[in-house]
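*Asks:* First the structure, which I've put down as structure tokens, then a few questions once you've had a look.
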Amino acid sequence: MTPDQIIFLLCAALIVGSALMVVTTKNLVHAALWLVATLFGVAILYGLLQAGFLALVQVVVYIGAIAVLFIFAVMLTRREMRDKGTQVNHNWGISALLALLTFGGLAFILSSWVGFSSTAKAIPAGTDTLMMLGKALVSPDAYVLPFEVASILLLAALVGAVYIATSSKE
Amino acid sequence: MLLEYAAIALFIIVATAIGFIAIGLGNFFGPRSSTEIKAMPYESGMDPIGPGTRRLPVRFYLIAVLFILFDIEVVFFLPWAIVFRQLGWFGLVEMFIFIIILLVGYFYAWKKGALEWE
């Protein structure tokens, strides 16, 4: 095995293990902390895929901001919502079946795709991927429209959050 | 390629090790006699009032959401800023449109008093 593969396997074990802890641990604050471990594992995966910028964004945005938001959200909820009660309800069998079917279906569809069994070409050494990303983001024949639409999405999220949080006062 | 990340990996390993060593040494050499008063949460010498896990005001949530949104805005700035000179006026105008749309939300949050902490 190459070092890349060893790191990938360790990293996948970290992601799956901590993701399982997220859904099985009773204490919601601990679940949020396990989620941080999961997100960090994904950041390592991005690093392995030579997506250094994405790895950085994963740490800054997901661990630095979204995990904090989750912890705040847990602290906002009523105490009765946490730490108590069973973790499964009577629908767990159907849910497990649906999850299995979804996974099987996706795996079946993906198996006919070329990239499923072959590895992608390595990025040539010396390519500045961040520079290419910056150019693609604002060039009219690439992603300029999604880029501007992203700002509208952010605006909608901002207005929605402010409206929900401030309207409860009145 | 992996060697580029070796410094970060080393940093994580050393930082984790220091944490474990610092607590481990204290645990190993120091006497441990836990009393009920010692196990209490430290609140500047006062007896803590109420449980430590009481509900937080919604303001915290709002600040966290605003932080995420402007964090993502900054993430978009970085790749743009690297090629800023090559993009010329077109890139500048694009980014201004992006910022102005978000400024609308910023002024909405400001007007609504979301940035104040009464």
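The values are calculated or read from the model by the stated rules, or taken from the named source; none is laboratory data. Remember, it's a predicted structure, so these values are computed and weren't measured experimentally. Ideal geometry is used to build each Cβ from the backbone, glycine not excepted, and the neighbour counts take in all protein chains shown.
*Asks:* Of everything in segment A:15-29, what is surrounded by 13 or more Cβ atoms within 10 Å (Cβ to Cβ) and either aromatic (Phe, Trp, Tyr) or away from chain B (no Cβ under 12 Å) (or both)? Give them in sequence order.
*Replies:* Of everything in segment A:15-29, those that are surrounded by 13 or more Cβ atoms within 10 Å (Cβ to Cβ) and either aromatic (Phe, Trp, Tyr) or away from chain B (no Cβ under 12 Å) (or both) turn out to be A:ILE15, A:GLY17, A:SER18, A:ALA19, A:MET21, A:VAL22, A:THR25.
*Asks:* Further, regarding this structure: Going by the conditions given, is A:LEU10 surrounded by fewer than 15 Cβ atoms within 10 Å (Cβ to Cβ) and modelled with pLDDT of 90 or more? I'd like the intermediate steps shown before the answer.
*Replies:* Details: surrounded by fewer than 15 Cβ atoms within 10 Å (Cβ to Cβ): yes; modelled with pLDDT of 90 or more: yes.
For A:LEU10, the condition - surrounded by fewer than 15 Cβ atoms within 10 Å (Cβ to Cβ) and modelled with pLDDT of 90 or more - is met.
*Asks:* State which residue is nearest to B:ILE82 (Cα to Cα) when the search covers only segment A:124-154 and only residues that are facing another protein chain (nearest Cβ under 9 Å) and assigned to a loop (DSSP other than H, G, I, E, B).
*Replies:* Per the stated criteria, the residue is A:ASP128.
*Asks:* Give me the residue from segment A:101-160 that is of a type in the set (D, E, K, R) and more than 23 Å from the chain's Cα centre (by Cα) and, out of that set, nearest to B:ASP71 (Cα to Cα). Steps first, answer last, please.
*Replies:* To start, the set of residues in segment A:101-160 that are of a type in the set (D, E, K, R) comprises A:121, A:128, A:135, A:141, A:148.
Add one more test, that the residue is more than 23 Å from the chain's Cα centre (by Cα), and what stays is A:121, A:128, A:135, A:141.
Details: A:LYS121: 32, A:ASP128: 23, A:LYS135: 21, A:ASP141: 26 Å.
Taking the candidates together, the pick is A:LYS135.
*Asks:* Just to be sure before I move on: is B:TYR61 in contact with a Phe, Trp or Tyr (Cβ under 6 Å, 6 or more places away or on another chain) and of a type outside the set (A, V, I, L, M) in the structure I sent? Give the steps one after another, and end with the answer.
*Replies:* On the way: in contact with a Phe, Trp or Tyr (Cβ under 6 Å, 6 or more places away or on another chain): yes; of a type outside the set (A, V, I, L, M): yes.
Yes; evaluated as a whole, the condition is true for this residue.
*Asks:* Looking at this structure, is B:GLY113 outside any helix (DSSP H, G or I), facing chain A (nearest Cβ under 8 Å) and either closer than 27 Å to A:ASP128 by Cα or of a type outside the set (Lys, Arg) (or both)?
*Replies:* Details: outside any helix (DSSP H, G or I): yes; facing chain A (nearest Cβ under 8 Å): yes; either closer than 27 Å to A:ASP128 by Cα or of a type outside the set (Lys, Arg) (or both): yes.
Against the criterion (outside any helix (DSSP H, G or I), facing chain A (nearest Cβ under 8 Å) and either closer than 27 Å to A:ASP128 by Cα or of a type outside the set (Lys, Arg) (or both)), B:GLY113 qualifies.
*Asks:* OK, next. Against the definition (outside any loop (DSSP other than H, G, I, E, B), of a type outside the set (Ser, Thr, Tyr), free of Cβ contacts under 8 Å to residues at least 60 places away in the same chain and more than 25 Å from A:LEU48 (Cα to Cα)), how does B:LEU10 come out, yes or no? Give the derivation first.
*Replies:* Values: outside any loop (DSSP other than H, G, I, E, B): yes; of a type outside the set (Ser, Thr, Tyr): yes; free of Cβ contacts under 8 Å to residues at least 60 places away in the same chain: yes; more than 25 Å from A:LEU48 (Cα to Cα): no.
No: the conditions fail for B:LEU10.
So that you can scan it fast, the table gives a plain yes or no per residue for (1) over 22 Å from B:ALA114 (Cβ atoms); (2) part of a helix (DSSP H, G or I):
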residue	(1), (2)
B:ALA39	yes, no
B:GLY50	yes, no
B:PHE67	no, yes
B:GLU73	no, yes
B:TRP80	yes, yes
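*Asks:* Continuing with the same structure: Only one residue in B:GLY88, B:GLY45 is assigned to a helix (DSSP H, G or I) and more than 8 Å from every other protein chain (Cβ to nearest Cβ). Which one?
*Replies:* Details: B:GLY45 fails: assigned to a helix (DSSP H, G or I).
Step by step, each of B:GLY88, B:GLY45 is checked, and only B:GLY88 is assigned to a helix (DSSP H, G or I) and more than 8 Å from every other protein chain (Cβ to nearest Cβ).
*Asks:* For A:GLY105, indicate whether it is assigned by TED's automatic domain parsing to the domain that holds A:CYS11 and not in a loop (DSSP other than H, G, I, E, B). Explain how you work it out, then say what you get.
*Replies:* On the way: assigned by TED's automatic domain parsing to the domain that holds A:CYS11: no; not in a loop (DSSP other than H, G, I, E, B): yes.
No: the conditions fail for A:GLY105.
*Asks:* Let me ask something additional. I'd like the full set of residues that are assigned to a helix (DSSP H, G or I) and exposed (fewer than 10 other Cβ atoms within 10 Å of the Cβ), limited to segment A:108-123. Explain how you work it out, then say what you get.
*Replies:* At the first step, the residues of segment A:108-123 found to be assigned to a helix (DSSP H, G or I) are A:108-111, A:114-116.
Within segment A:108-123, A:PHE108, A:SER111, A:VAL114, A:GLY115 qualify.
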